[in-house]
Amino acid sequence: MPLTKTKTRSSRVILGDNEYFPGVNQIHYEGKDSRNPLAFKYYYANRVVAGKTMREHLRFSVAYWQTLCEAGGDSFGCATKQFPWTQKGNPIQMAKNKMDAAFEFMTKLGVPYYCWHDFDLAPEGKSVSESEKNLATMVEYAKQKQAASGIKLLWGTANCFSNPRYMNGASTNPDFSVLSFAAAQVKAALDATVALGGKNYVFWGGREGYMSLLNTNTKRELEHMARFLQMARDYGRSIGFEGSFLIEPKPMAPSKHQYDFDSATVIGFLREFNLLNDFKLNIEANHATLASHTFSHELQIAADHCLLGSINANRGDYQNGWDTNQFPNNIGEVTEAMLILLENGGIQGGGINFNAKTQRNSTDLNDLFIAHIGGMDIFARALLVANNILEDSDYKKMRSDRYASFDRGDGARFEKGELNFEDLRNIAANSPEPLLKSGKQELFENIINQYI
Ligand code: XUL
């Protein structure tokens, strides 16, 4: 719902008492020749590509913690951004101001979804009950904002990593009482997700791992994590949550080793503990880099198992070994990602959530818009390029031709399970030496470049 200059009732609910971005109007598509930094060059929500609108393909989401809470502080210096919604005052009033700013921002940007951690929305209380009460208050406020703006909740999650009690883990903590506090938090966050019609619920295991193997019983910790997830799943289903539970792989940071290391590790874990029916994966580009994988590798492994639930869009820095959470801007990388999405029928129930922050020295309020516009444009452009590659080039055929020997004869019998190991030996013994067949890697790379 675009915000209007003459305030309608809906505009008033979205904006609250203050307008936080008065210099920014509704962001529109102006095309690739536009010089306006506050306009889309490629993202045109209603443009139809491969049978669906861009809005339906991309399902963009704003990450509350990165956009509204991340003020530029790092371990060498305090915050650099003076957000007008984070001045000192009554904590609930401050949370409401932040939510006013969030819905104004998201409405002007034109994104259909948002995501939060429990304590991004509401201040953490001094007890479990006080935290629950604060969250419930903010959920009621969010309900009105969602209804007035049409913006929906893509996923909720609980921050079970910032509070000092979680320094040795949450569900994997060796102290049972800490595990019970994590459960209380996840229960309240699930209640809030259901109350706000959330499509998914995310588990990112920030401190579910270890700092030193010497003091860690990995077997017990992994079994505790699995039991915790099964109980959370059962509770979620009992209160009517019908969406997917998502695990977000990440190999390290803040822990030295995190159990949800990468897609393949998480899939093995879900299979071992019988969670595959309810859980999918939330793949983040920067986490893939930290695992020494590409973004597209992580997406492909998840898609191969029909577990590609959602995406955290961002990028890391190839020289730094930590999470820089920059906005995506690498057209080659994002095109490869979109190829995987298009070939696998899209994201299953999730969306593209900008888990990315404007950097420490980007201190203008409108930098938040510029960063998101860039992220949305790069995905929109990559969608167009990837669709052209699939519809117009030899890319798909070249790849399937490499496997043609499995489409007929003994290769097809092998795939159907009709040969035994001795049969394979006899086939080899009666065949000439296989010809060397080029993998054509550079040609594949050239095709991507040609269509960009
Ligand atoms: C941390 C991270 C989190 C999760 C949600 O690296 O990506 O923001 O997305 O807890």
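Structure data summary
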| quantity | calculated |
| --- | --- |
| DSSP-defined antiparallel bridges as percent of all bridges, the chain, nearest 5 | 15 |
| Span-like helix ranges in the chain, DSSP H, alpha carbon extent 24 angstrom or more, Kyte mean at least 1.0 | 176-195 |
| In range of the label at ASP317: residues from the range 343-367 whose backbone nitrogen is under 20 Å from the point 7 Å along Cα→Cβ | 355-364, 367 |
| Spin-label pair ASP33/TYR235, simplified geometry with 7 Å Cα→Cβ offset, distance in nm | 5.8 |
| At R0 = 60 Å, FRET efficiency that the Cβ-Cβ distance of GLU130 and ASN446 yields, to 0.05 | 0.50 |
| For ARG413, net neighbour charge (Lys/Arg +1, Asp/Glu -1) across residues whose Cβ lies under 12 Å away | -3 |
| Residue-span extension gain [ASN330 to CYS306] - 0.36 nm each, minus C-alpha spacing | 6.1 nm |
| Cut-off 12 Å between beta-carbons: net charge of the residues surrounding ASN46, Lys and Arg +1, Asp and Glu -1 | +2 |
| Volume per residue of the C-alpha convex hull in the range 163-222, rounded to whole Å³ | 84 |
| Spin-label zone in the range 383-410 - amide nitrogen under 19 Å from a point set 7 Å from the Cα of LYS437 along the C-beta vector | 394-410 |
| FRET efficiency for ARG425 and VAL48, using Cβ-Cβ distance with R0 set to 51 Å, rounded to 0.05 | 0.45 |
| Nearest-10 value in Å² for the accessible area of SER129, using the 1.4 Å probe | 80 |
| Segment ARG408-GLU19, extension gain: residue separation times 0.36 nm, minus the distance between their alpha carbons | 133.5 nm |
| Linear extension gain, GLN26 paired with GLN144, 0.36 nm per residue minus alpha-carbon span | 40.4 nm |
| With every protein chain in place, the chain: carbon and sulfur % of accessible area (1.4 Å) | 50 |
| Cα-based shape type of the chain, given that a ≥ b ≥ c are square roots of the gyration tensor eigenvalues and the cut on a/c is 1.5 | oblate |
| Longest exposed-site-free window of the chain, the sites being trypsin sites (Lys or Arg not before Pro) in a DSSP loop that have at most 16 other C-beta atoms within 10 Å | 127-255 |
| Percent of C-alpha pairs per 10 Å bin, the range 406-451, short to long | 21, 33, 22, 19, 4 |
| Probe 1.4 Å, accessible area per residue of the range 351-452, Å² | 65 |
| Whole-number D in µm² s⁻¹ for the range 348-422, Kirkwood Cα-pair radius fed into Stokes-Einstein, 25 °C, 0.890 mPa s | 143 |
| Cleavage-rule hits, chymotrypsin sites (Phe, Trp or Tyr not before Pro), the range 353-449, DSSP coil, Cβ neighbours within 10 Å at most 11 | TYR403 |
| Three-way shape label, the range 111-175, alpha-carbon gyration tensor, a/c 1.5 | oblate |
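The values are calculated or read from the model by the stated rules, or taken from the named source; none is laboratory data. Keep in mind the model is a prediction, meaning the values are calculated, not measured. Because the Cβ atoms are built from the backbone with ideal geometry, glycine has one as well, and the counts that use them run over all protein chains shown. Note: areas computed on protein heavy atoms with side chains; ligands, DNA, RNA excluded. Shrake-Rupley method; radii C 1.70, N 1.55, O 1.52, S 1.80 Å.
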